1. Counting other Cβ atoms within 10 Å, keep those with at most 13, restrict to DSSP loop, and tell me which GluC sites (Glu not before Pro) in segment 30-115 are left.
2. Whose amide H sits under 5 Å from the amide H of S56, counting only residues 5 or more places off or on another chain, with H placed in the peptide plane?
3. Testing the spin-label approximation: label points 7 Å from Cα along Cα→Cβ at T197 and D52. State their distance in nm.
4. What distance in nm lies between label points placed 7 Å from Cα along the C-beta direction at I204 and E112?
5. Taking 7 Å along the Cα-to-C-beta vector as the label spot, tell me the K187-Q91 distance in nanometres, rounded to one decimal.
6. Putting +1 on Lys and Arg Cβ atoms and -1 on Asp and Glu Cβ atoms, find which of I140, W50, T179 reaches farthest to the positive end of the dipole of the chain.
7. Sum -39500 (n - 2.57) across every DSSP H segment of at least 4 residues in the chain, then divide by the residue count to get the 222 nm mean residue ellipticity, nearest 500.
8. Which whole-number percent of Cα pairs in segment 14-133 have a distance greater than 22 Å?
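All of the numbers you see were taken from the coordinates with simple rules; none came from a lab. Model, not experiment: these values are computed from the prediction. Don't worry about glycine lacking a Cβ; one is built from the backbone with ideal geometry, like all the others, and counts go over all protein chains shown.
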Amino acid sequence: MRYLFFRLAIFLKRPFSQYSRRKRLRVFLKEMKLTGGERIIDLGGSAVFWADVEPSLHVTVVNLPGMLCKSEMPAHHSFVYLEADACNLEQFPDNSFDIAYSNSVIEHVGGESRRKSLAAEARRLAPRYWVQTPSIYFPIEAHNHMPFWWFYPASVRRYFIGRWSKKLPAWTEMIIGTTVLDFKELKALFPDGLVYTERVLGFIKSYSLYRR
């Protein structure tokens, strides 16, 4: 019973999340025009995501030390794992890859300067990019499942965070380090990006900024 609310929220949102991911993947494949053999850098991702992508790809997965998960590798792709900061990949020259990809990462990297750095790297590393992030306007917050979380007064958010930190300290640390971006900031970070707006029941669930 201790974590009933969170378990129930995750259970209820699972079918919506699975549907959204499948739909988003179809749009990604269409817009990026994958034919096979593309060199992709996945900023903050995992190999598991690429299991449902049929064309064989060369994927470099970048994640922080200790965060890389090398299990369940799709056999039809080749993978390189790199422990590094996705906000600073100066070891790679411009356009070292065909596509830079990032899914629900930019809201976790830190303050405004780090978000700018991740966006700049995504735009620099490849001629094509796809960066997805949740919408601040969706009624249920994507990470803590609280309704309209980002519109609470700061004092109310601090109250909940104080309670959560006693029961779920690691999870609460993730919540504290999360900043969901509004659309204005996203457009400023990706001025050359097209926008795919994902909706659920009429509400904006996420944005994907991409360059073809």
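1. Working: sites: E31, E38, E72, E83, E90, E107, E112; in loops: E38, E72, E90.
Here the sparse-neighbourhood loop sites are E72, E90.
2. G37
3. Taking the two extended label points, one gets 2.4 nm.
4. The two pseudo-label positions are separated by 2.0 nm.
5. 3.8 nm
6. I140
7. Values: 5 runs with 72 residues, N = 212.
-11000 deg cm²/dmol, from helical runs alone.
8. Working: 2176 of 7140 pairs.
When every Cα pair of segment 14-133 is considered, 30 percent fall beyond 22 Å.
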